[in-house]
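The values are calculated or read from the model by the stated rules, or taken from the named source; none is laboratory data. Note that this is a predicted model, so its numbers are computed, not measured. Note that each Cβ is placed from the backbone with ideal geometry, even for glycine, and that neighbours are counted across all protein chains shown.
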Amino acid sequence: MGEPLLKGAALNKMILTVTMNPCIDKTVYVTAHQHGGVNRSERVTRIAGGKGVNVARTVRALGENAVALVCVGGHAGRSILDMMADDGIPTVPVWLKDESRAVTTILEADSDNHAQTSYVEPGAPISPSARLTLFARYERLLETSSLVVLTGPAPDPTSTDIYAEMTRLAKWRGIPVFLDSRGDVFRRAVEEVPTLVKPNDAEAAEWLGVERIEDESDERAVVRKLRERGIEWVVLTLGARGALAAVGDVEYRAMPPRAPIVNPIGSGDAMLGAMAVAWTRGESVERIIRHGMAAGAANASVWDACGITPEQVEPLVDQVELSTLSQPPLG
Ligand SMILES: Nc1ncnc2c1ncn2[C@@H]1O[C@H](COP(=O)(O)OP(=O)(O)OP(=O)(O)O)[C@@H](O)[C@H]1O
Ligand SMILES: [Mg+2]
């Protein structure tokens, strides 16, 4: 094993997150959005965004070591790295030729429901040479990682196999893999049997090839289908309606505590980060689910994605309603 890519990193205790398509997550506050008009704003916020970035932010906030492997390009890429450094997130970049994207959200402060309109730019593609660098860095980081979180979409169609390959490499080393993606990236990585998958209802419907998950019987069916692939932990999240989880042969229904809702985007990332932290601390299955639900609810009550603190999460853990469902054996 050579020099660690990150100096001072705690050996073998790092939670590694991967983000192929991070962004500058920009919020423009306006009083009321006028389509086709000039919308002046007196407040703009920018944070480093992307699902793995959010997960790493959560892991750090909750007190464990994280490192974020990110593909970035251009001025926007440099900004993303600067903002991650400001947030204290240890980051390993892979540089791309093209500019990283921005996701711009127009938030209407005066509207009753604080309406949000988002503009999502295309991501920077991962070239064959960047891909080689990405895998070289990934394999080096695996040497000091205790858990890997693979999240978010691929920026281009040739990159949809990257998480499948990364799942295989981590599992070969005996490192657990949490997967949260959609479309072909999710489908292909599921074939490699990650340790935990966390689709939301739309992602699960897409995997199943159906329009939507209609009711509890559909929810249980898709969870069982994923379990039948040999995936030990399946967590289907349902926003404010909580989650259905299957771990081994036990199914759980979990309801988050009620929290004032400010912005639920990123609740899935907060949940995944908190579950990775609880897993790393050797908590029980029930406690891991509870921590995930609590962090998801805490995230929904703040504006910045995963801008949560242990003081916000901890009181919610015991307020999660968790019950087991009876389940016929897998066959
Ligand atoms: N409005 C809410 N109130 C309370 N808890 C919430 C709310 N929204 C989400 N949560 C919690 O967070 C978990 C994950 O949320 P959700 O299903 O929205 O994930 P997601 O769609 O993957 O989100 P994202 O991809 O934006 O991070 C839920 O299972 C729930 O525990
Ligand atoms: Mg999600």
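Please count how many residues of the stretch 238-256 are among the hydrophobic types (A, V, I, L, M, F, W, C), within 6 Å of ligand 1 (Cβ to nearest atom) and either at pLDDT 95 or above or in contact with a strand residue (DSSP E or B) (Cβ under 7 Å, 6 or more places away or on another chain) (or both).
2
When you check Ala102 against the structure, is it more than 30 Å from Lys225 (Cα to Cα), away from ligand 1 (no atom under 16 Å from the Cβ), in contact (Cβ under 8 Å) with a residue 60 or more places away in the chain and in contact with an Asp or Glu (Cβ under 6 Å, 6 or more places away or on another chain), yes or no?
So Ala102 fits the description; yes.
If I go through the stretch 286-317 residue by residue, how many of them are within 13 Å of Arg258 (Cα to Cα), assigned to a helix (DSSP H, G or I), touching a residue at least 40 places away in the same chain (Cβ under 8 Å) and over 14 Å from the mean Cα position of the chain (by Cα)?
4
Identify, please: which residue in the stretch 228-248 is part of a strand (DSSP E or B) and either more than 14 Å from ligand 2 (Cβ to nearest atom) or on the phi > 0 side of the Ramachandran plot (or both) and is, among those, surrounded by the most Cβ atoms within 10 Å (Cβ to Cβ)?
Only one residue fits best here, namely Ala245.
Name every residue in the stretch 96-119 that is under 12 Å from Gly74 (Cα atoms) and surrounded by fewer than 14 Cβ atoms within 10 Å (Cβ to Cβ), in order of residue number.
Lys97
Going through the stretch 192-218 one residue at a time, which ones are of a type in the set (A, V, I, L, M) and either within 16 Å of ligand 2 (Cβ to nearest atom) or in contact with a Ser or Thr (Cβ under 6 Å, 6 or more places away or on another chain) (or both)? Spell out how you get there, then give the answer.
Of all residues in the stretch 192-218, those of a type in the set (A, V, I, L, M) come to 193, 196-197, 202, 204-205, 208, 210, 213.
Result: Leu196, Val197, Ala202, Ala204, Ala205, Ile213.
I need every pair where a residue in the stretch 193-219 that is more than 13 Å from Ala243 (Cα to Cα) has its Cβ under 8 Å from the Cβ of a residue that is within 13 Å of ligand 2 (Cβ to nearest atom) and among the hydroxyl-bearing types (Ser, Thr, Tyr), sequence separation at least 6 or different chains.
Hits for this filter: Glu203/Ser181.
Select from the stretch 180-224 the residues that are assigned to a helix (DSSP H, G or I) and of a type in the set (Val, Ile, Thr) and write down the one among them that is farthest from ligand 1 (Cβ to nearest atom).
Initial filter on the stretch 180-224 (assigned to a helix (DSSP H, G or I)): 183-190, 201-208, 216-224.
When the remaining residues are screened for being of a type in the set (Val, Ile, Thr), the result is 185, 190, 222-223.
Details: Val185: 14, Val190: 16, Val222: 14, Val223: 13 Å.
Out of the qualifying residues, it is Val190.
I'd like the full set of residues that are within 16 Å of ligand 2 (Cβ to nearest atom) and outside any loop (DSSP other than H, G, I, E, B), limited to the stretch 255-285.
Ser267, Gly268, Asp269, Ala270, Met271, Leu272, Gly273, Ala274, Met275, Ala276
Just for the stretch 136-157: of the residues that are loosely packed, with under 15 Cβ neighbours inside 10 Å and within 21 Å of the chain's Cα centre (by Cα), which one is nearest to ligand 2 (Cβ to nearest atom)?
Ranking the candidates gives Pro157 first.
Are any residues in the stretch 165-179 among the hydrophobic types (A, V, I, L, M, F, W, C) and either assigned to a helix (DSSP H, G or I) or within 16 Å of Ala246 (Cβ to Cβ) (or both), and if so, which ones?
Listed by number, the residues that qualify are Met166, Leu169, Ala170, Trp172, Phe178, Leu179.
Could we say that Ala259 is crowded, with 17+ Cβ neighbours inside 10 Å, within 11 Å of ligand 1 (Cβ to nearest atom) and modelled with pLDDT under 95 here?
yes
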